[in-house]
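Quick notes on the structure that follows.
The values are calculated or read from the model by the stated rules, or taken from the named source; none is laboratory data. All values reported here derive from a predicted model rather than from experimental measurement. Because the Cβ atoms are built from the backbone with ideal geometry, glycine has one as well, and the counts that use them run over all protein chains shown.
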Amino acid sequence: MNRIQAKSRTRPTPRAKTRPRKQTHEFVDATRGIRLQKVLAEADVGSRRACEELIEQGEVTVNGQMVATLPAWVDPQHDHIKVQGKRIRPAASAVYVMLFKPRGVVCTNADPQGRRRAIDLVTHPSRARLYPVGRLDIDSSGLLLLTNDGELANRLTHPRYHLAKLYEITVRGSIDDAALKRLERGLFLHNPKRQEGSRTAQSRLRLIKRDRDRTRLLIELREGRNRQVRRMMLQVGYPVHRLRRVQVGPLKLKGLRPGEWRELSSIELASLKRAAYRGAEASKRTKRSADRS
């Protein structure tokens with residue numbers, strides 16, 4: 001549905017000038033439903049602020065009745081909601097999928113080169129439009145989440161939420177202890193686009209197997225820099241031969257073969273959300289501490 005613009009007010013009333021903006025929290029109430037402006041915004045009518053203006057201008061009806069005051073609560077799955085006479089379609093139900101991304105597949109929904117995409121491997125019965133949560137480069141494989149829940153996706157990918165990701169990597173040769181210590185302490189990585197660089201955060205490592213020909217190890221990161229694992233290993237002199245992401249937060253890659261997918265169980269989803277929101281709270285505490293210092 002195309003965005004519908006709120007009509008501009010040429011003479012705002014005194015109340016419109018002084019009316020404080022609505023808070024952006026508590027949009028869902030188990031007993032009353034969901035705030036009307038949230039439903040409109042999620043249906044791509046406009047921003048929540050623009051949707052509030054449409055409501056106050058009498059442009060919105062619910063079950064045939066005009067709604068012109070806030071707060072207003074609705075059930076988007078059962079109520080008939082119209083904006084300027086056009087019925088809106090409620091946002092699709094949230095879908096959460098775990099995919100074992102194979103090598104040779106890209107994590108973008110728009111690829112000008114026409115390569116095989118991660119979303120091409122998932123045919124969900126809801127036909128929801130899914131998006132990869134974060135990325136794995138084309139030469140890497142492993143756990144990839146896909147969802148249409150934008151809020152959770154942001155919490156899982158934004159670096160300030162510090163969600164751990166675990167990678168199993170294989171390099172040629174026997175990696176020495178000095179290189180392992182450098183990886184653990186963090187390395188300075190240059191960003192050519194910004195003409196600057198910074199040191200990576202400390203990493204947790206676990207050696208799986210090391211012999212003369214190859215080394216396998218696990219590395220845990222809480223950052224999301226472009227091709228970070230490969231760039232770190234190249235800097236210590238051991239280019240990655242094979243890279244697989246085996247864990248994101250509490251989710252482990254299990255029960256799937258390359259190219260297969262499944263929906264998250266209710267237990268997995270609950271644990272993932274807890275981890276994401278714990279990270280958000282930790283980020284807020286860190287910011288408050290920094291502001292006080």
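Below, the figures for the structure above:
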| read-out | value |
| --- | --- |
| Test for LEU144: is it touching a Leu at 6+ places or on another chain (Cβ under 7 Å) and at pLDDT 95 or above | yes |
| Condition check for ARG199: of a type outside the set (Gly, Ala, Ser) and over 21 Å from ARG245 (Cα atoms) | yes |
| Selected residue (criterion: modelled with the lowest pLDDT) from residues of the range 121-140 that are under 24 Å from LEU269 (Cβ atoms) and charged (D, E, K, R) | ARG127 |
| Strands (runs of 3 or more DSSP E) (entirely within the range 114-232) containing at least 1 residues that are touching a His at 6+ places or on another chain (Cβ under 9 Å) | 141-147, 165-172, 196-199, 214-221 |
| Residues of the range 238-258 that turn out to be under 18 Å from ASP177 (Cα atoms) and touching a Gly at 6+ places or on another chain (Cβ under 9 Å), as a count | 1 |
| Test: residue in the range 206-226 that is modelled with pLDDT of 95 or more, closer than 23 Å to GLY249 by Cα, exposed (fewer than 14 other Cβ atoms within 10 Å of the Cβ) and not hydrophobic (A, V, I, L, M, F, W, C) | yes |
| Condition met for PRO76 (under 26 Å from TYR277 (Cβ atoms), touching a residue at least 12 places away in the same chain (Cβ under 8 Å) and touching a Pro at 6+ places or on another chain (Cβ under 6 Å)) | yes |
| Members of the range 64-79 found to be surrounded by fewer than 12 Cβ atoms within 10 Å (Cβ to Cβ) and in a loop (DSSP other than H, G, I, E, B), listed by number | GLY64, THR69, GLN77, HIS78 |
| Subset of the range 117-136 [out of contact with any Pro (no Cβ under 9 Å at 6 or more places or on another chain) and surrounded by 14 or more Cβ atoms within 10 Å (Cβ to Cβ)] | VAL122, HIS124, ALA128, LEU130, TYR131, PRO132, VAL133, GLY134, ARG135, LEU136 |
| Residue check for ALA110: hydrophobic (A, V, I, L, M, F, W, C), at pLDDT below 95, in contact with a helix residue (DSSP H, G or I) (Cβ under 6 Å, 6 or more places away or on another chain) and part of a loop (DSSP other than H, G, I, E, B) | no |
| Members of the range 56-83 found to be under 31 Å from the mean Cα position of the chain (by Cα) and more than 11 Å from VAL39 (Cβ to Cβ), listed by number | LEU70, PRO71, HIS78, HIS80, LYS82 |
| Selected residue (only one of GLY134, GLY150, GLY114 is under 20 Å from MET232 (Cα atoms), outside the structural domain of VAL240 (by TED's automatic domain parsing) and out of contact with any strand residue (DSSP E or B) (no Cβ under 7 Å at 6 or more places or on another chain)) | GLY134 |
| Hits in the range 153-163 (condition: touching a residue at least 60 places away in the same chain (Cβ under 8 Å), out of contact with any Leu (no Cβ under 7 Å at 6 or more places or on another chain), within 17 Å of GLN247 (Cα to Cα) and not hydroxyl-bearing (Ser, Thr, Tyr)) | ARG155, PRO159, HIS162 |
